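The values are calculated or read from the model by the stated rules, or taken from the named source; none is laboratory data. Just so it is clear, the structure is predicted and the values come from calculations on it, not from any experiment. Cβ sites come from the backbone with ideal geometry, for glycine too, and all protein chains shown count toward neighbours.
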Amino acid sequence: MPYFALGSIFFLCTISQHLEEGDWKFFNDKRLSIGPSLFDQFGFALERFTTWSSRILFEFLTLAFSGNFVLFSIISALCAVLLSYSIANILKVKSLLGHSVVCAAFLFIVPFGLYYTAGYYATMINGLWGLALAMYTVCLLLQTLDGVALSRKQFFLGGIAALVSVQIEQCAILIFCFSVAVLLFKLYKKIRRWTYDILLLCISIAGVVVVLVCPGNRLRSNYELIHAFPEYSNIGLLNKLQLGLDTTSGYFFITDSLLLNMILLALVGAAVVKGRYLALLPVIIIKLAVFLIANVPFLDEMFLYVKCYNKFSDGPKCLSFANLHNINTIIVPAVLLSLFVLLALAVFLVYGPTRICGLTLLFFAVGTLTHFMLAFSPSVFNSMSRTFLIMWVLSIVSGLLIAKETFSRRSRIQPSEQIML
């Protein structure tokens, strides 16, 4: 029932979009000029491999579905359901309430505005569709941690989903990180079920290699270097790392996002339930820092460029090896980095070196990495908002992992602690 409701709502939200201009118009006009032949349309996608993008299949899908918006809306709704169902299986949710919470979290916590930042139509296909398939592969991968052998059908579907999703650069990194982490864990625990892990690892590496050697990606990078970020070729490694830190943490921490507050609230509940009150200290520090940055004038001015970071910032905020000694240069990156460390510390103080701690930090770290990696592309500003989708979803999984652990222990909460919660 919750998945039917989610799919219906998502379908209605999608079908009600008005796409007369932008990305949909470009692909629809191109489809009309090419003709109805799917072979000719696929030929266009192959041509784009040499001129614009390595995402051959997704370029083809974006072109083909521009003529059938109803079918596009149905598939988008099904992808939303698949993504939520995969998350529920990762969380090992069994109750109707648990499935409803997962659907509600996806529907109401992921900012719907992310789909509009580069055109709703193309962002939905390249973002949501690819992520849904990638999370399905991760869901199957994590099942093998419990010694569960995948059926031939699951193995086949997981492999196909991985082959498709790794055409999206962020999804390739997501699958690579999870396959490496799970494989290392199995080697440490001497779990001898590696076939699916190695398959995903090989597919993800192949996906990254295709991205790197694609001539279209190089041409697109040169185009964005000239038109979007001409200063990019002159900045060093430290400044690129700073770009990744600023653009990632600004949207998550400095804007005091709903997702951040959800995770912090879940951590407070977990700390109270488990009696790990020391874990409340980093949570309080994070909230206090975010509050002060928003309300103290000189701090607000210092972090203003992080809040609305849509162009290259130079001058004293430009980090390099030459000015590392300047406190005014390093204070903002140091604070932003400290917020990530404090969040990880809070999770560790609550759970210690346990599996739930590892999974929670893994999802958050991989999600953060998928956005941080944009700093090594001149499209970092043009792609900054829409590429948060994967980080947002994986961070939701982290928060739900904490919340599930908390409420599964609710019977142990004392009356005074119930009041605190």
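Take the stretch 160-218 and flag every residue that is assigned to a loop (DSSP other than H, G, I, E, B) and either farther than 23 Å from Glu47 by Cα or out of contact with any Gly (no Cβ under 8 Å at 6 or more places or on another chain) (or both).
Lys190, Ile191, Arg192, Arg193, Trp194, Cys214
Is there any pair with a first residue in the stretch 181-198 that is over 20 Å from Gly159 (Cα atoms) and a second that is in a loop (DSSP other than H, G, I, E, B) and of a type in the set (A, V, I, L, M, F, W, C) whose Cβ atoms are under 8 Å apart and which are 6 or more apart or on different chains, and what are they?
Listed by first residue and then by second, the contacts come to Phe185/Ile191.
Going by the conditions given, is Ile74 of a type in the set (Val, Ile, Thr) and either at pLDDT 85 or above or farther than 30 Å from Asp256 by Cβ (or both)?
Yes.
Give me the residue from the stretch 115-143 that is among the hydroxyl-bearing types (Ser, Thr, Tyr) and farther than 18 Å from Val397 by Cβ and, out of that set, surrounded by the most Cβ atoms within 10 Å (Cβ to Cβ).
Tyr121
Is it the case that Val208 is free of Cβ contacts under 8 Å to residues at least 12 places away in the same chain and either outside the structural domain of Trp392 (by TED's automatic domain parsing) or surrounded by 14 or more Cβ atoms within 10 Å (Cβ to Cβ) (or both)?
Taking the combined requirement at face value, the residue does not satisfy it.
Please indicate, with yes or no, whether at least one residue in the stretch 149-157 is under 25 Å from Arg48 (Cα atoms), touching a Gly at 6+ places or on another chain (Cβ under 9 Å) and buried (at least 16 other Cβ atoms within 10 Å of the Cβ).
no
With the requirement that a residue be under 23 Å from Val393 (Cα atoms) and polar (S, T, N, Q), what does the stretch 236-284 give you?
Thr247, Thr248, Ser249, Thr255, Ser257, Asn261
Taking the stretch 265-275 as the search range and keeping residues that are over 23 Å from the mean Cα position of the chain (by Cα) and of a type in the set (A, V, I, L, M, F, W, C), which one is surrounded by the most Cβ atoms within 10 Å (Cβ to Cβ)?
Residue satisfying both the conditions and the ranking: Ala270.
Can you say whether Asn89 is surrounded by 14 or more Cβ atoms within 10 Å (Cβ to Cβ), among the polar types (S, T, N, Q) and within 27 Å of Val166 (Cβ to Cβ), as far as the supplied structure shows?
Yes; evaluated as a whole, the condition is true for this residue.
Surrounded by fewer than 17 Cβ atoms within 10 Å (Cβ to Cβ), under 22 Å from Thr387 (Cβ atoms) and more than 20 Å from the chain's Cα centre (by Cα): which single residue out of Phe112, Phe26 fits that description?
Phe26
Please go through the stretch 1-44 and pick out each residue that is in contact with a His (Cβ under 9 Å, 6 or more places away or on another chain) and of a type outside the set (A, V, I, L, M).
Pro2, Tyr3
Would you tally the residues in the stretch 229-264 being surrounded by 18 or more Cβ atoms within 10 Å (Cβ to Cβ) and small (Gly, Ala, Ser)?
The total comes to 4.
How about the stretch 243-307: which helices (runs of 4 or more DSSP H) wholly inside it have at least 3 residues that are touching a residue at least 24 places away in the same chain (Cβ under 8 Å)?
The qualifying helices (runs of 4 or more DSSP H) are 258-274, 280-295, 304-307.
Could you identify the single residue in Ser66, Ser86, Ser151 that is under 25 Å from Lys30 (Cα atoms), among the small types (Gly, Ala, Ser) and assigned by TED's automatic domain parsing to the domain that holds Ser204?
Only one candidate passes the filter, namely Ser66.
Go through the stretch 31-53 and count every residue that is out of contact with any Lys or Arg (no Cβ under 6 Å at 6 or more places or on another chain), surrounded by 15 or more Cβ atoms within 10 Å (Cβ to Cβ) and closer than 21 Å to Pro215 by Cβ.
So the answer is 7.
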